[in-house]
Amino acid sequence: MLNHFISLNVYNHSLNERQETYMETGKGLTYNQQQNALPTFVKQNPEYKQVHSQILQDVLRRLDSAYQHFFAKEAGYPRFKNRDHYTSFTYPQVDKVKKTFSRLGYVYLSKMGFVKMEIHREFPAQEVSRVNVKYHGGKWYANLTVEVPDVASIEVPDKAVGIDVGLAHFAVFSDETYIDNPKYFRKMEKRLSKTQHRLSRKKKGSHNRGKAKAKVTKVHAKIANQRRDFLHQSSARIVKNYDIIVMEDLEIRNMARNHRLAKSIHDAGWGQFRNYVRYKCERTGKLFIRVDPKGTSQTCLCGEHVPKDLSIRVHECPACGLVMDRDLVSAKLILERGLKTIA
Ligand SMILES: [Zn+2]
């Protein structure tokens, strides 16, 4: 059992490592690279010392084979193993639950026996109807469900949000939160074209040309860094604040037909943004839903078809009279579509 959870953690860790390396360098990691890094990883995470190295290598091999299937188009992109499914287990049967707390100060775990327990809050052992045991960060946790029949159950609905990415703003949320486009991207674009112009005037092979070239590279790297910081921060905030996140399955190349538009899209890094949100959702167990973008900018919340080109910023519905920022309408439609898929 313990080995199983540890394998799972290593799997998720290694998958995350591959994704981050790919996003940061544009190059993936190989099985050999990850295997060579194992001894350092174990040194940094002593809880893995008890696991035979053969088991850890098996995990990396499984991950690698998931990638190979993906590259061969035989399977989808490797997914994080669901923590509720793998890193935790539940005893719903009452007799087992009773057994679980039959020894004071201990919890009974299947295949492990009685394990000493640190109790953070008093609880009526006889009323426990469900025990969920989790392995996280090198420690085991037991979550107890106690039925309280007299109090109406309080259902906290998951916080769901639809997100529309746009040109006027970087992103608009269905709850009217706006994320503005970072202005420094434009500023950096200007600096980039200036250094590129200088480079073009230097003689080929000259010392000055080499210097000018280094400057261009430096500006490129700075832009990439700023963009990554911005995307990491905004995606982290979203995943922290919402449980269900719905975004459009936008084919960016369709929107990039117009050159000036393409530049903004390139700046904003929507595709990268969506990937960050998606993988942060997977990592934290939040739900990420992708929906068909067809018509989200041309439809009213009432269902009426309201055609408008990109220059029209305000949605005005002749059928129901709704007047609203066009991107906000889209965000609300995106949320509605996403929730329909899980209803
Ligand atoms: Zn309407």
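Some values worked out for this structure:
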{"item": "Answer residue from segment 322-334, given it is over 22 Å from the mean Cα position of the chain (by Cα) and among the aliphatic types (A, V, I, L, M) and is nearest to the ligand (Cβ to nearest atom) among those", "result": "Leu322"}
{"item": "Matching residues in segment 283-324 - criterion: being in a loop (DSSP other than H, G, I, E, B) and of a type in the set (D, E, K, R)", "result": "Lys286, Asp292, Lys294, Glu304, Lys308, Asp309, Arg313"}
{"item": "Qualifying residue in segment 116-123 (condition: surrounded by 14 or more Cβ atoms within 10 Å (Cβ to Cβ), over 30 Å from Asp243 (Cα atoms), modelled with pLDDT of 70 or more and within 34 Å of the chain's Cα centre (by Cα))", "result": "yes"}
{"item": "Matching residues in segment 276-321 - criterion: being within 9 Å of the ligand (Cβ to nearest atom) and more than 18 Å from Gly166 (Cβ to Cβ)", "result": "Cys302, Gly303, Glu304, Cys317, Pro318, Ala319, Cys320, Gly321"}
{"item": "Flag if Arg337 is more than 10 Å from the ligand (Cβ to nearest atom), at pLDDT 90 or above, surrounded by 13 or more Cβ atoms within 10 Å (Cβ to Cβ) and of a type in the set (Lys, Arg)", "result": "yes"}
{"item": "Pairs with Cβ under 7 Å, 6+ apart, first in segment 298-310 and in the same structural domain as Met324 (by TED's automatic domain parsing), second away from the ligand (no atom under 12 Å from the Cβ) and not in a loop (DSSP other than H, G, I, E, B)", "result": "Lys308/Arg326"}
{"item": "Residue check, Asp327 over 19 Å from Ile244 (Cβ atoms), of a type in the set (D, E, K, R) and not in a helix (DSSP H, G or I)", "result": "no"}
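The values are calculated or read from the model by the stated rules, or taken from the named source; none is laboratory data. Being a predicted model, the structure only gives us computed values, none of them experimental. Quick reminder, even Gly has a Cβ in these numbers, built from the backbone with ideal geometry, and neighbours come from all protein chains shown.
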